[in-house]
Amino acid sequence: MKKINLTDTNIVILAKNHNPSIISKEWLKLRGVVEENENFSRFTHTPFLSYLETDNFRFIVDIERLQISLVKISDENIEKLPNITKKYISQLPETPYTALGLNYNYNIELQAESLKKIFHPNKDKFTKLFTEDHQLGGIIMFSHSNFMVKIDIKPIFNEAEKIIVNFSFYCDSKKIEKIKKMIKSYFEMRDKTQEILKGLFNE
């Protein structure tokens, strides 16, 4: 089995007229979005952008979107991520949310040459256009469980033994309750990414 490492995961909520100026360290703790013992290591607070980072989580908030990601990848933090997101949007129900994105990024220890076997390029044509040692990536798009899914697969330049695979699950909705429901799909979609990776790369 290939070694599959989750290197980043985040949840993005798109919105109209979001108000980043109210998001502060005190607000996140007072509203129960983060736990009282969370230690904030970085903090920027402006009318147009708020950036907050704890030892475990990162919040980037502007007038059109919220992104919550992990500073430290751990099972405990992954378990908390969707709940923190639901708590956040529940505190601002008047905000006109418009869409949800669930994102998972992986590094896979795999020969970059293996991608050519998956995408089946015309070897002679590609070698003529580029060079014998060209590397190949690709984008796959499909629908799954009310999400539009985009998979971006690419080699890491000068690292022949590793590739990057990024998954984005996107869902439009102007209803906060639907967005909350779709956030609950976070673990199901995470499992789907791993099912796909195993199917693609475990020969």
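Keeping to the stretch 96-126, report how many residues are loosely packed, with under 14 Cβ neighbours inside 10 Å and under 18 Å from ASN158 (Cα atoms).
The total comes to 2.
Read through the list (1) in contact with a Ser or Thr (Cβ under 9 Å, 6 or more places away or on another chain); (2) surrounded by 13 or more Cβ atoms within 10 Å (Cβ to Cβ), then give the number of the only condition that ASN39 fails.
(2)
So which of LEU110, LEU129 ends up being of a type in the set (A, V, I, L, M), modelled with pLDDT under 95 and out of contact with any strand residue (DSSP E or B) (no Cβ under 6 Å at 6 or more places or on another chain)?
Working: LEU110 fails: out of contact with any strand residue (DSSP E or B) (no Cβ under 6 Å at 6 or more places or on another chain).
Unique residue meeting the criteria: LEU129.
Look at GLU26 and say whether it is of a type in the set (D, E, K, R), loosely packed, with under 15 Cβ neighbours inside 10 Å and modelled with pLDDT under 90.
Details: of a type in the set (D, E, K, R): yes; loosely packed, with under 15 Cβ neighbours inside 10 Å: yes; modelled with pLDDT under 90: no.
So GLU26 fails the test.
Failed condition for TYR51, given (1) of a type in the set (Phe, Trp, Tyr); (2) within 20 Å of the chain's Cα centre (by Cα); (3) assigned to a helix (DSSP H, G or I), with all others met?
TYR51 satisfies every listed condition except (3).
Check VAL71, VAL33 and return the single one that is at pLDDT 90 or above, within 23 Å of PRO96 (Cα to Cα), of a type in the set (A, V, I, L, M) and in contact with a helix residue (DSSP H, G or I) (Cβ under 9 Å, 6 or more places away or on another chain). Before the answer, list the steps.
Details: VAL71 fails: within 23 Å of PRO96 (Cα to Cα).
Every option except VAL33 fails the conditions.
Identify, by number, the condition in (1) farther than 21 Å from MET182 by Cα; (2) part of a strand (DSSP E or B) that ASN10 doesn't meet.
Failed condition: (1).
Name the single residue, out of those in the stretch 59-83 being assigned to a strand (DSSP E or B) and without any contact (Cβ under 8 Å) to a residue 40 or more places away in the chain, that is surrounded by the most Cβ atoms within 10 Å (Cβ to Cβ). Show your work before the answer.
Kept after step one, since they are assigned to a strand (DSSP E or B), are these residues of the stretch 59-83: 59-62, 65-70.
Add one more test, that the residue is without any contact (Cβ under 8 Å) to a residue 40 or more places away in the chain, and what stays is 59-60.
Numbers: PHE59: 23, ILE60: 19.
This residue is PHE59.
Please determine, by comparing only the residues of the stretch 84-95 that are under 21 Å from THR54 (Cα atoms) and polar (S, T, N, Q), which one is surrounded by the fewest Cβ atoms within 10 Å (Cβ to Cβ).
Here the residue is SER90.
The values are calculated or read from the model by the stated rules, or taken from the named source; none is laboratory data. Source: prediction; values computed, not measured. Cβ sites come from the backbone with ideal geometry, for glycine too, and all protein chains shown count toward neighbours.
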